[in-house]
Ligand code: MD6
Ligand code: FE
């Protein structure tokens, strides 16, 4: 798989032009067969690391997105301890399942970061789920890129600035799209406004999966 992947996609593609420095958006970078590989890998991972309902710090309010993780560390939130990374699933107590090799390859290929990603957050959006504007800021490695892969139904992604009140624009993320935030855009606010139900046939149950790869600790 990994050799096939490298030989199939050896040239670094050009991201779409016109976006701010540090925002790399590659529509349709992952073809249907590799999307299937990732769908199956997630289905395998959730057998031991089921999706759970994350809760906001302090309020304890449920998020509408369901989450799990792959890799040595996973991003979590709950009422008591808030946002953080942990090596174990909050419900089962088991270590997170391994990251699929294809994602490790993609990270190397697209970021060339000197250390591998440690966390792959798996977000599952049903037709009414959304994710409020946030910054990815719970990592020690705040200089490392964040790479996301979208699978299944399309979604309206809002891309803001470094302040919550800055002007924003939106990108329509479809199945197979890759989005990277890095450098001067690493701390841009962003969120998912809505999912366009029924826009993809990839996931038999419908909905949208987003895989977010991050380096957490300093290499
Ligand atoms: C999502 N994505 O697409 C949520 N974060 O469902 C993110 O929060 C995200 O796509 C950092 C970098 C890229 C992302
Ligand atoms: Fe994010």
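The values are calculated or read from the model by the stated rules, or taken from the named source; none is laboratory data. Everything numeric in this text was worked out from a predicted model, so none of it was measured. When we count neighbours, we look across all protein chains shown, and the Cβ atoms used for this are built from the backbone with ideal geometry, even at glycine.
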> Restricting the search to region 195-219, which residues are within 16 Å of ligand 2 (Cβ to nearest atom) and over 19 Å from residue 112 (Cα atoms)?
Replying inline: 195, 208, 209, 210
> Which one is farthest from residue 65 (Cα to Cα) among residues in region 90-105 that are in contact with a helix residue (DSSP H, G or I) (Cβ under 7 Å, 6 or more places away or on another chain) and not in a loop (DSSP other than H, G, I, E, B)?
Replying inline: 105
>> So if I check each of 181, 171, which one is near ligand 1 (Cβ under 10 Å from one of its atoms), surrounded by fewer than 22 Cβ atoms within 10 Å (Cβ to Cβ) and closer than 19 Å to residue 30 by Cβ?
In response: 171
>> Testing residue 121 on (1) away from ligand 1 (no atom under 16 Å from the Cβ); (2) within 30 Å of residue 198 (Cα to Cα), one condition comes back false. Which one is that?
In response: (1)
> residue 108 passes all but one of (1) part of a loop (DSSP other than H, G, I, E, B); (2) free of Cβ contacts under 8 Å to residues at least 24 places away in the same chain; which number fails?
Replying inline: (1)
> Based on what the data block shows, is residue 147 within 10 Å of ligand 1 (Cβ to nearest atom) and in contact with a helix residue (DSSP H, G or I) (Cβ under 8 Å, 6 or more places away or on another chain)?
Replying inline: yes
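Condition check ((1) under 20 Å from residue 137 (Cα atoms); (2) touching a strand residue (DSSP E or B) at 6+ places or on another chain (Cβ under 6 Å)) across all residues:
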position: 72; (1), (2): yes, no
position: 81; (1), (2): yes, no
position: 86; (1), (2): yes, yes
position: 90; (1), (2): no, yes
position: 96; (1), (2): no, yes
>> Can you pull out every residue in region 133-158 that is within 15 Å of ligand 2 (Cβ to nearest atom) and either at pLDDT below 95 or part of a loop (DSSP other than H, G, I, E, B) (or both)?
In response: 135, 136, 137, 138, 139, 141, 142, 144, 145
> Taking residue 159, is it within 17 Å of residue 121 (Cα to Cα), within 11 Å of ligand 1 (Cβ to nearest atom) and touching a strand residue (DSSP E or B) at 6+ places or on another chain (Cβ under 8 Å)?
Replying inline: no
>> Regarding region 159-169, can at least one residue be identified that is part of a strand (DSSP E or B) and away from ligand 2 (no atom under 15 Å from the Cβ)?
In response: yes
>> Just the residues that are under 26 Å from residue 202 (Cα atoms) and loosely packed, with under 15 Cβ neighbours inside 10 Å, please, taken from region 38-63.
In response: 40, 43, 44, 47, 48, 50, 53
> Which one of these does residue 122 not meet: (1) part of a strand (DSSP E or B); (2) surrounded by fewer than 16 Cβ atoms within 10 Å (Cβ to Cβ)?
Replying inline: (2)
>> Can you pull out every residue in region 196-219 that is under 15 Å from the mean Cα position of the chain (by Cα) and under 19 Å from residue 26 (Cα atoms)?
In response: 208, 209, 210, 211, 212, 213, 214
>> Here is a check on your reading of the model: is residue 187 more than 9 Å from ligand 1 (Cβ to nearest atom) and part of a loop (DSSP other than H, G, I, E, B)?
In response: yes
> Of the conditions (1) more than 26 Å from residue 171 (Cβ to Cβ); (2) away from ligand 2 (no atom under 16 Å from the Cβ); (3) under 15 Å from the mean Cα position of the chain (by Cα), residue 76 fails just one. Which one is it?
Replying inline: (2)
>> I need a count of the residues in region 150-177 that are within 14 Å of residue 208 (Cα to Cα) and out of contact with any helix residue (DSSP H, G or I) (no Cβ under 7 Å at 6 or more places or on another chain).
In response: 11
